[in-house]
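Worksheet for the structure shown next.
The values are calculated or read from the model by the stated rules, or taken from the named source; none is laboratory data. Note that the structure is predicted; figures quoted are calculated from it, not measured. Cβ sites come from the backbone with ideal geometry, for glycine too, and all protein chains shown count toward neighbours.
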Amino acid sequence: MTANFPGPVPTVDLGAEPSTAEKRMTRARLSRRRLYLRRFLRSKGAVAGLVILGLLVLFALLGGEFTPYSYSDVDFAGLTAPPSPDHILGTDSAGNDTFAQAVHGLQRSLVIAVSVSALTTVISAFVGAVAAYLGGTTEKVVLGIVHFLLVVPSFLILALVSQKAGGDWRVLIVVLTVFGWMYNARVVWALATSLREREYVLAARFMGVGRVRIVLRHLIPNIGSLLVVTFTIGVVATVQGETALSFIGFGVQPPDVSLGTMLNDGADTVSSAPWLFYVPAVLVTLLTVSMALIGDGLRDALDPTSRSGGGA
Amino acid sequence: MTPAAEADPVLSVRDLEVSFPSEAGRVHAVRGVGFDLYPGRTLGIVGESGSGKSVTSMAVMGLLPDYAAVRGSVTLGTRELLGLDDRQMSEIRGRELGMVFQDPLAALTPIFTVGRQVVEALQIHQDLDRNAAWKRAVELLDLVGIPNAAARARSFPHEFSGGMRQRVVIAMAIANGPRVLVADEPTTALDVTVQAQILDVLQLARAETGAALILITHDLGVVAGTADDVLVMYAGRPVERAPVGELFARPRMPYTIGLLGAVPRVDSAERRPLLPITGNPPLLVDLPAGCPFEPRCPISVAECAVEEPVLTPVSPDGEHAAACIRAGHIADGRVDGAAIYPVPRAPVAPAAAIPRERRPAVLELDGVSKTFPLLKGTLLKRRVGSVYAISGVGFDIREGETLGLVGESGCGKTTTLLEVMNLRAPEQGSIRVTGVDVSDLADRRQERALRRKLQMVFQDPMGALDPRLTIFDILAEPLRAVGEANRETIGRRVDELMELVGLDPEHSDRFPTAFSGGQRQRIGIARALATNPSLVVLDEPVSALDVSIQAGIINLLNDLKAELGLSYLFVAHDLAVVRHISDRVAVMYLGRIVEIGTVDEVFDDPRHPYSHALLSAIPVTDPQVERTRERVVLRGDLPSPTDSSPGCRFVSRCPLHPALDATQRARCVAETPELTGAGGSDHLNACHFR
């Protein structure tokens, strides 16, 4: 059916089409990056998310200055002590200062979650898009690897490898990344196979644009919305994955702490010592919310058809 | 219009208004449409996209979504249709109102046989047992021209071609003898030879049922041939209504005059530039007071912006009405004797002065063939045959020349283009671009150097521009691809290009979504010109655009060709456009060129029976010519392209073939005809007997 129900409307009005007068771009042309930034900052939610994330980062970096204790200091005078002027957020059953642990745990979790999520997103985007664009044997081989890794019980391997490394958080990043990119790569591949048939991709090929360039300029940006969502969900999922690993005794090992281990310890004593659970819980929630807000803002900023981006 | 006096109208629409909510405000898609439809007559509703013609038909059928606000009155006989609920409307739809949709594939359910679908249409409204319904269904399918209907009724929709599916849809629409048939762009998705068949079937169906027909289309040629009365719509309103002959002979509304001037004529060798209507149709949100066409109207006066004119009779008998306050001054396409639309200056190509033979060739194809394997099996694919997409295609394009490549869908036009654009050695034959044989290209550097000379403009102005790039980046891409890195140089070139195609360089930092279809196509053209190519390949560059916008693009292409000395390889299914823009034309059928020559030779004196039929199928925007000329309507559809047996591929549909004697017929089947011409002429055709 061809009923012309209303849709997005063009906003450039060029009533007078061919002009004879010599015309030049008078003002500085806005680059794509500047346009995206402008559209991103126009979204209130995105800015709020950015502010929350900024505060969290500041807290993780500078929070240690506000307490005399370090995360591994043990205060035998106050075991499981409620918040007091001495320990602003109380202590846990071993006498560790909760504030100091929260600062350190946030630091760990931020580094692990953000880097793992960023790495998996980048790898999955590139691998998926390249496989889709090149097609043929490359596509078959890459899909074979992806499908093989998807059926491997990665959680077990994760547990084994991270235990061997003695709970080193850097090894954890590598391992989580290595076993985390396949599923997204599969999704990216499926989307990119439909994009590679688009005329603008054909146009770029006929202009002599190189293959890698086409993938980077035309395929990946057009699945940007998906990647942004993947990234934000990935951050949250990594915190959870790391928590789960820590819970069964792998992942981050004591005396090192992460938000995951703190949540895990605090969950046992929610009723008797609620501060032990709520402090890391609030931090995880803030991290999740900020990521979701930034994700939404980025998606709208990157998507030119989105109305929330304004007229730029 | 004699029957008007005798009969009562079967369908009467009064003050119909439809609006939709949208984020930008209420969209008033239809603003006061009124007409009377008399039994046995055909009303053509013409307009560009967004003019409200389809929404009008949906409102009549009661198919608008719930959120649409509909006001006014639609009476069928004596019954008011607006305000009926869906159950009541379902009683009427199919029985009293029949509908033919644009896309015949989407209008049929893929999982039932076509016979069963016709039976369903019959049994909903009539008390028929299964055998009687089946018998009636076969009769109906036979009536609309499905060959061997009894057997074919058991086939599924995907086993039919587009034209055959549309026949089935028509059979379903007339199954219950409706009083009104509504056909919404019934031939837009079809090839021109099939379009001619379908229009005939529609007329037959109308005559058979005695129904009145509402024909909605953007194609003025279709209206000229089939409609009795015409309603021209603009911005949700009828702006002119007249009997068809009167409308084409004496249009009184500047918009109608503009539309008629914007369409190229297939029957005219004259190369005057088309008359584009500047600007774009208004957005139907918060329309300002005054005539909606006023901003685009070349003869608007101050009063035009004050109040919106209503449809008022302009002829003594009241049959011809126009909504223009200056209609009284307009006669013969002129206002007070002066041309309404100034004729643009015709560009003169400097290359035209040099005889064709002395100009260098920019593209030479010789015996190019391409086959696609037919694979079978799920795990291990084995080749069970080949699709002969193109075979033995050869032509050349000289500097400053346009070659039009025409033919129905599936004839190999696009494959030919892609073979050229791929810059790879073809399976057979040779391709030379600006004298360089593509099989000699040794590395990517040489390939890139050749790509500079060869650029392409795509059909779909939405799909060909990456939505994530700004116009600047889109135009800079070909420059960067050929190794231009200096920002300053690229910036200057982008400004130049924007201006060359009539866009404002100030807008180069916007995204493609901010532009209308015509503007996007201009951007696509600008991108193709970025590297100063010698040859531009144009794949249906105007088929996605409205006629008034299309004219501007065609004129732009002609200007650019003259100004920059370009050569075009132009592929289009609209033969009128091809005639207007091409110097030479090649007609393709099933992967082979069947006729090639200068555009006037081929169009005025087609030799090959296929070219003859193809050309005669095109509707002309002149009711007098359209209704009196003799048409060759081809039977059937394209045969399968997997057959490689020798002989003429057109034999199954050839109108000449049955007239030949037995030995000649045997020759057609046994011997593949070569492209030959009389004497030394370069007007060649591939028929043994022409």
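Spot the failing condition for B:Ser51; the list is (1) closer than 19 Å to B:Val180 by Cα; (2) at pLDDT 85 or above; (3) not in a strand (DSSP E or B), and only one is missed.
(1)
Of the residues B:Leu181, B:Leu199, B:Leu140, B:Leu204, which is surrounded by 24 or more Cβ atoms within 10 Å (Cβ to Cβ) and either without any contact (Cβ under 8 Å) to a residue 24 or more places away in the chain or more than 14 Å from every other protein chain (Cβ to nearest Cβ) (or both)?
So the residue among B:Leu181, B:Leu199, B:Leu140, B:Leu204 that is surrounded by 24 or more Cβ atoms within 10 Å (Cβ to Cβ) and either without any contact (Cβ under 8 Å) to a residue 24 or more places away in the chain or more than 14 Å from every other protein chain (Cβ to nearest Cβ) (or both) is B:Leu140.
Quick one: A:Gly180 ticks every box in (1) away from chain B (no Cβ under 14 Å); (2) within 22 Å of A:Ala118 (Cβ to Cβ); (3) assigned to a helix (DSSP H, G or I) bar one, so which box is it?
Condition (3) is where A:Gly180 drops out.
Of the residues that sit in region A:245-294 and are in a loop (DSSP other than H, G, I, E, B) and small (Gly, Ala, Ser), which one is farthest from A:Ala94 (Cα to Cα)?
A:Gly251
Mind listing whichever residues of region B:12-34 are among the β-branched types (Val, Ile, Thr) and facing chain A (nearest Cβ under 9 Å)?
Across region B:12-34, the qualifying residue is only B:Val27.
Criterion first (part of a helix (DSSP H, G or I), within 14 Å of chain B (Cβ to nearest Cβ) and surrounded by fewer than 21 Cβ atoms within 10 Å (Cβ to Cβ)) does A:Leu202 satisfy it?
Answer is yes for this residue.
Hey, can you tell me all the residues within region B:300-313 that are in a loop (DSSP other than H, G, I, E, B) and either more than 33 Å from the chain's Cα centre (by Cα) or at pLDDT 85 or above (or both)?
B:Val301, B:Val306, B:Glu307, B:Glu308, B:Pro309, B:Val310, B:Leu311
Tally up the residues in region A:141-152 that are surrounded by 11 or more Cβ atoms within 10 Å (Cβ to Cβ) and either in a helix (DSSP H, G or I) or among the charged types (D, E, K, R) (or both), please.
8
When you check B:Gly407 against the structure, is it outside the structural domain of B:Val194 (by TED's automatic domain parsing), in contact (Cβ under 8 Å) with a residue 12 or more places away in the chain, on the phi > 0 side of the Ramachandran plot and surrounded by 15 or more Cβ atoms within 10 Å (Cβ to Cβ), yes or no?
Here the answer is yes, as B:Gly407 does meet what is asked.
Of the conditions (1) at pLDDT 90 or above; (2) within 14 Å of chain A (Cβ to nearest Cβ), B:Val114 fails just one. Which one is it?
All conditions are met except number (2).
Do you know which of the residues in region B:250-288 that are farther than 23 Å from B:Phe515 by Cα, small (Gly, Ala, Ser) and part of a loop (DSSP other than H, G, I, E, B) is modelled with the highest pLDDT?
Looking at residues that are farther than 23 Å from B:Phe515 by Cα, small (Gly, Ala, Ser) and part of a loop (DSSP other than H, G, I, E, B), I get B:Ser268.
Output yes when any residue across region B:650-669 is of a type in the set (Lys, Arg) and under 17 Å from B:Asp191 (Cβ atoms), and no when none is.
Yes, the conditions are met somewhere in region B:650-669.
Among the numbered criteria (1) over 18 Å from B:Met172 (Cα atoms); (2) out of contact with any strand residue (DSSP E or B) (no Cβ under 7 Å at 6 or more places or on another chain); (3) surrounded by fewer than 19 Cβ atoms within 10 Å (Cβ to Cβ), which one does B:His125 miss?
(1)
Restricting attention to region B:448-459, which residues are facing chain A (nearest Cβ under 7 Å) and out of contact with any helix residue (DSSP H, G or I) (no Cβ under 6 Å at 6 or more places or on another chain)?
B:Arg448, B:Arg451 - these are the residues of region B:448-459 that are facing chain A (nearest Cβ under 7 Å) and out of contact with any helix residue (DSSP H, G or I) (no Cβ under 6 Å at 6 or more places or on another chain).
Out of curiosity, is B:Leu259 under 20 Å from the mean Cα position of the chain (by Cα), of a type outside the set (Lys, Arg), closer than 24 Å to B:His329 by Cβ and assigned by TED's automatic domain parsing to the domain that holds B:His329?
Criteria met by B:Leu259.
Within region B:68-91, does at least one residue satisfy the condition of being in a loop (DSSP other than H, G, I, E, B), of a type in the set (Ser, Thr, Tyr) and either closer than 15 Å to B:Val180 by Cβ or touching a Gly at 6+ places or on another chain (Cβ under 8 Å) (or both)?
yes
So if I check each of B:Asp473, B:Asp466, which one is within 7 Å of another protein chain (Cβ to nearest Cβ), out of contact with any strand residue (DSSP E or B) (no Cβ under 7 Å at 6 or more places or on another chain) and assigned to a loop (DSSP other than H, G, I, E, B)?
Answer to the selection: B:Asp466.
How many residues does region B:434-452 hold that are surrounded by 18 or more Cβ atoms within 10 Å (Cβ to Cβ) and outside any helix (DSSP H, G or I)?
Total meeting the criteria: 3.
Tell me which of these B:Arg95 doesn't satisfy, since it passes every other one: (1) touching a residue at least 60 places away in the same chain (Cβ under 8 Å); (2) under 30 Å from the mean Cα position of the chain (by Cα); (3) more than 10 Å from every other protein chain (Cβ to nearest Cβ).
The one condition B:Arg95 does not meet is (2).
Of the conditions (1) crowded, with 22+ Cβ neighbours inside 10 Å; (2) within 19 Å of A:Val229 (Cβ to Cβ), A:Val289 clears all except one; give me its number.
Just one mismatch for A:Val289, condition (1).
Which condition number in (1) surrounded by 18 or more Cβ atoms within 10 Å (Cβ to Cβ); (2) assigned to a loop (DSSP other than H, G, I, E, B); (3) of a type in the set (A, V, I, L, M, F, W, C) is the one that B:Ala485 fails?
For B:Ala485, the failing item is (1).
If I filter region B:488-513 down to residues being facing chain A (nearest Cβ under 7 Å) and of a type in the set (Ser, Thr, Tyr), which single residue comes out as surrounded by the most Cβ atoms within 10 Å (Cβ to Cβ)?
The selected residue is B:Ser508.
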